[in-house]
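For reference, the structure is listed below as structure tokens.
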Amino acid sequence: MTDTTQIPSASLPTADLVGGTVGDYFSLMKPRVMSLVILTALVGILAAPGHIHPVLGAIALLAIAVGAGASGALNMWYDADIDARMARTAARPIPRGRISAEEAFAFGTVMSVFAVLTLGLLVNYAAGAFLAFTILFYVVVYTMWLKRRTPQNIVIGGAAGAFPPMVGWAAVTGSVSIESLLLFLIIFVWTPPHFWALALYRMRDYDRVGVPMMPNVAGPASTKKQILLYSLALAPLGIAPYFVGLGGLAYLATSTVCGGIFVWYAWQLFQIAGDDRESDAAARRLFGFSILYLFALFLVLLAEHTVRIVTGG
Amino acid sequence: MDKQEEGEKPSAEWLRQRRLRSIAIALMLLVLVALFYAATIVRMGGNVLNRAI
């Protein structure tokens, strides 16, 4: 093919659209969110009772990760208008003009279908159906319905981010159980203080685009109180896996210490009145630690279950 | 008639990106085929040889 090739006008890029690179498509899948999904789903797979062939386990994990990435792409497709006006999201591929919204929609849809079919056909139907439900919940319930309508958006929508360990668990057992529900609950209760800490120091961004995050609707003081209450619920919930046999002593120690630090940061934030720089700094500290908290808990669970499997325990 | 309707000569950079994307799609399809093959073998296990002659 020479450089004089003419291509159909319908497939031409717009003036400022040079065509997305493979990297642009990868970033469309929200790789940082995907990394947390991989970790939590892997814990679900390893902690579940019973046995899954390692090849099928790897396929399940890949399908769950791709499904999560696909729902991220669909989220970026739908939210492209507000992403372009927020500092945190303005550099995403669609606002930057690297990928068109239509391409993102097609990419997200195709990847979703492939992920669900792969998990359903190769692992089990229950896990496939669960993954389909998770993607639909994130895209339709959270992104399209709740996000722009209610300050409880991330409370209810947070369920989508909490499902992966249950999907991983279902990939092994074909069902749900109290233990997998506990893993779900930890992420579910963790989501509001995590997101509201971010929303506190991004208030102006959310205000500009009209997304009714809790600080914008109820005010910083009420949000800080709710963050503290959720943190107080999260700390004991984080320790609970030890008492149902999901976590060992290392997990008990980690979740106790990290839970205490989480509550301490939430308490510090609660004590700062207003929304000045000091408040922003405390919110950033809590937001940063919240990520560390969830990674730490699930990494310890991962390590403990890996040791158990390797040693045949 | 705007540029899109007229058709436009794609730039070398645009063509390069397109080629890379096509290669990535091909690789993904190959991975998918490999996954289905591996899963089939794993699921059938020893039964692959256990058939009427």
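The values are calculated or read from the model by the stated rules, or taken from the named source; none is laboratory data. Treat the numbers as computed from the prediction; the structure is a model and nothing was measured. Neighbour counts run over all protein chains shown; Cβ positions are idealised from the backbone, glycine included.
Points worth noting:
Conditions (1) facing another protein chain (nearest Cβ under 10 Å); (2) under 25 Å from the mean Cα position of the chain (by Cα); (3) part of a helix (DSSP H, G or I), marked per residue:
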residue: B:8; (1), (2), (3): yes, no, no
residue: B:14; (1), (2), (3): yes, yes, yes
residue: B:24; (1), (2), (3): yes, yes, yes
residue: B:27; (1), (2), (3): yes, yes, yes
residue: B:47; (1), (2), (3): no, no, yes
residue: B:51; (1), (2), (3): no, no, no
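- One residue from A:88, A:148, A:96 being touching a Lys or Arg at 6+ places or on another chain (Cβ under 9 Å), surrounded by fewer than 23 Cβ atoms within 10 Å (Cβ to Cβ) and among the basic types (Lys, Arg): A:88
- Restricting attention to the range A:259-278, the residues that are surrounded by fewer than 21 Cβ atoms within 10 Å (Cβ to Cβ) and in a helix (DSSP H, G or I) total 11.
- Residue satisfying condition, being closer than 28 Å to residue A:128 by Cα and not small (Gly, Ala, Ser), within set A:209, A:176: A:176
- Those residues of the range A:44-62 which are away from chain B (no Cβ under 14 Å) and not in a loop (DSSP other than H, G, I, E, B), in sequence order: A:44, A:45, A:46, A:47
- Helices (runs of 4 or more DSSP H) lying entirely in the range A:71-153 (those with 2 or more residues that are under 27 Å from residue A:168 (Cα atoms) and touching a residue at least 60 places away in the same chain (Cβ under 8 Å)): A:101-122, A:125-136
- Matching entry among A:191, A:143 (being closer than 26 Å to residue A:269 by Cα, of a type in the set (Ser, Thr, Tyr) and either in the same structural domain as residue A:120 (by TED's automatic domain parsing) or surrounded by 20 or more Cβ atoms within 10 Å (Cβ to Cβ) (or both)): A:191
- Qualifying residue in the range A:285-294 (condition: free of Cβ contacts under 8 Å to residues at least 24 places away in the same chain and out of contact with any helix residue (DSSP H, G or I) (no Cβ under 6 Å at 6 or more places or on another chain)): yes
- So residue A:19, is it in contact with a Phe, Trp or Tyr (Cβ under 8 Å, 6 or more places away or on another chain) and either at pLDDT 95 or above or more than 14 Å from every other protein chain (Cβ to nearest Cβ) (or both): no
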